[in-house]
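Engineer: For reference, the structure I am asking about is given below.
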Amino acid sequence: MKNTILSAKGLSKSFAHNGVQSHILSGLDIDIYEGDFTVIMGASGSGKSTLLYALSGMDRATGGKVIYNGEDIVKMSENELAKLRHGDFGFIFQQMHLVSNLSLFENVAVPGYLNKSKSPDEVNRLADELLAKMGIDGIKTQLPSQCSGGEQQRCAIARAVINQPKLIFADEPTGALNRRNTTEVLDLLTDLNKNGQSILMVTHDSRAALRATRLIYIADGSVIGDIELAPYTEETEKSREAQINAWLASMEW
């Protein structure tokens with residue numbers, strides 16, 4: 001029996017534009033399980049990124065509940081949400097949002113300093129370890145502008161895990177990368193998941209979906225499909241690809 005790490009009940013999100021109300025999420029129910037690599041897919045405009053941001057507290061839902069650790073994050077204050085994002089939640093985006101005038105090392109370490117759960121020396125040591133794990137310790141003094149997109153995204157992954165979050169939210173983390181860098185980033189995320197890290201990722205890329213242990217499909221702001229998969233291995237990639245493509249076709253992908 002899997003443990004639920006995050007749960008949404010009756011989740012809704014709507015926007016008003018020129019006097020017209022647009023409903024992006026419509027009373028959606030979803031449970032995210034501890035230890036899963038959960039991937040959310042759907043056509044453009046289906047609400048998948050809106051769902052990710054509502055679940056993470058980056059954007060407030062207009063209705064329903066998002067329960068984490070027994071609390072409804074929809075009702076949290078901005079300070080409470082900030083504390084949650086600095087500690088229990090980690091974030092990876094398509095655009096890396098690295099601080100341009102900080103080195104790669106500093107981009108990773110600063111969130112650790114702000115969290116204040118570790119001493120500066122402990123944060124420095126952990127930052128060095130993470131940069132080495134990501135294969136970019138040799139360029140840690142460089143600025144983001146001096147690095148490739150793949151190097152920047154690996155730095156962003158290190159930054160996301162510096163505070164040892166319970167759950168990582170990833171919004172199209174490979175969307176701006178070439179094929180080789182995409183594979184490298186997905187390998188890193190897969191390794192993190194195999195070591196127990198819970199991941200919730202939105203993607204439009206079926207290659208990224210191959211890494212899921214659970215795949216959710218949404219349309220018109222509602223979940224219409226949900227399958228569980230065995231952990232990814234290179235040996236089963238071809239059969240896995242066929243299984244996922246067939247399932248996506250059944251979702252009218």
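The values are calculated or read from the model by the stated rules, or taken from the named source; none is laboratory data. Bear in mind the structure is a predicted one, so any value in this text is a computation, not a measurement. Please note: Cβ atoms are built from the backbone with ideal geometry, for glycine as well, and neighbour counts cover all protein chains shown. The accessibility values were calculated without ligands, DNA or RNA, using every heavy atom of the protein model including side chains. Shrake-Rupley method; radii C 1.70, N 1.55, O 1.52, S 1.80 Å.
Engineer: For D88, which of the numbered conditions (1) within 29 Å of W247 (Cα to Cα); (2) within 17 Å of the chain's Cα centre (by Cα) fails to hold?
Structural biologist: Against the list (1) within 29 Å of W247 (Cα to Cα); (2) within 17 Å of the chain's Cα centre (by Cα), D88 comes up short only on (1).
Engineer: Additional query: Any residue in the range 133-140 that is open to solvent by less than 40 Å² (accessible area, probe 1.4 Å), touching a helix residue (DSSP H, G or I) at 6+ places or on another chain (Cβ under 7 Å) and part of a helix (DSSP H, G or I)?
Structural biologist: The answer is yes, given that some residue of the range 133-140 is open to solvent by less than 40 Å² (accessible area, probe 1.4 Å), touching a helix residue (DSSP H, G or I) at 6+ places or on another chain (Cβ under 7 Å) and part of a helix (DSSP H, G or I).
Engineer: When you check S12 against the structure, is it small (G, A, S) and open to solvent by less than 80 Å² (accessible area, probe 1.4 Å), yes or no?
Structural biologist: yes
Engineer: Also: Of all residues in the range 28-64, count the ones that are modelled with pLDDT of 95 or more, farther than 27 Å from A249 by Cα, open to solvent by 20 Å² or more (accessible area, probe 1.4 Å) and hydroxyl-bearing (S, T, Y).
Structural biologist: 0
Engineer: Got at least one residue in the range 200-212 being at pLDDT 95 or above, touching a Phe, Trp or Tyr at 6+ places or on another chain (Cβ under 7 Å) and basic (K, R)?
Structural biologist: Within the range 200-212, one or more residues are at pLDDT 95 or above, touching a Phe, Trp or Tyr at 6+ places or on another chain (Cβ under 7 Å) and basic (K, R).
Engineer: Regarding D220, is this residue over 24 Å from L25 (Cα atoms) and open to solvent by 20 Å² or more (accessible area, probe 1.4 Å)?
Structural biologist: Criteria not met by D220.
Engineer: When you check V108 against the structure, is it closer than 26 Å to A16 by Cβ, of a type in the set (A, V, I, L, M) and either part of a strand (DSSP E or B) or open to solvent by less than 20 Å² (accessible area, probe 1.4 Å) (or both), yes or no?
Structural biologist: Judged against the criteria, V108 is not a match.
Engineer: Residue by residue through the range 175-199, note down the ones that are among the hydroxyl-bearing types (S, T, Y) and either touching a Phe, Trp or Tyr at 6+ places or on another chain (Cβ under 6 Å) or buried (at least 16 other Cβ atoms within 10 Å of the Cβ) (or both).
Structural biologist: T182, T190, S198
Engineer: Would you mind stating whether I24 is open to solvent by 20 Å² or more (accessible area, probe 1.4 Å), touching a Gly at 6+ places or on another chain (Cβ under 6 Å), of a type in the set (A, V, I, L, M) and in a strand (DSSP E or B)?
Structural biologist: Judged against the criteria, I24 is a match.
Engineer: Additional query: Determine the pairs where a residue that is over 13 Å from G87 (Cα atoms), located within the range 107-123, has a partner that is open to solvent by 80 Å² or more (accessible area, probe 1.4 Å) with Cβ atoms under 6 Å apart, the partner being 6 or more residues away or on another chain.
Structural biologist: V123/Y113
Engineer: Right, next: Those residues that are over 19 Å from Q164 (Cα atoms), out of contact with any Asp or Glu (no Cβ under 8 Å at 6 or more places or on another chain), touching a residue at least 12 places away in the same chain (Cβ under 8 Å) and not in a helix (DSSP H, G or I), I need them from the range 72-95; list them, please.
Structural biologist: Within the range 72-95, M76, Q95 meet the criteria.
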